[in-house]
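In what follows, a single structure is set out as structure tokens and then discussed.
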Amino acid sequence: MPLSKLTADEIAIRLVDVPDWSIVDEKLVRTLEFDDFIEAFAFMTQVAMHAEKLFHHPEWENVYNKVTIRLSSHEVGGLSDNDFKLAAKISGVLT
């Protein structure tokens, strides 16, 4: 099934399921802080496994103990179901 860009109403509904995420510049964004670099990198490794399974890869940056993740679906020019699926998986890694 081809991806489609979510409407503002659809995004608002899906945000309820990922409450620690926000919309910034039309991307789903979350910044996390860990105890140190090793913990941050271990988290990124776990996320990489989920992203590869979903074949949906995050835009992210890591500076020492902080990881900022930005999700969007470039092929639709905005947010899609895939972004919210990956956000939920990422949140699950943290629990």
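Things worth noting here:
- Label corresponding to Kirkwood radius over Cα pairs in Å when calculated from the structure given, among (1) 16.5; (2) 13.5; (3) 17.5: (2)
- With every protein chain in place, the chain: carbon and sulfur % of accessible area (1.4 Å): 56 percent
- Estimated 222 nm signal from helices in the chain, with DSSP H stretches of n ≥ 4 weighted -39500 (n - 2.57), rounded to 500: -13000 deg cm²/dmol
- Summed over the residues of the chain and divided among them, the accessible surface reaches 63 Å² per residue at a probe radius of 1.4 Å.
The values are calculated or read from the model by the stated rules, or taken from the named source; none is laboratory data. Not measured: the values here are computed from a predicted model. Please note that ligands, DNA and RNA were not included when accessible areas were found on the heavy atoms of the full protein model with its side chains. Shrake-Rupley method; radii C 1.70, N 1.55, O 1.52, S 1.80 Å.
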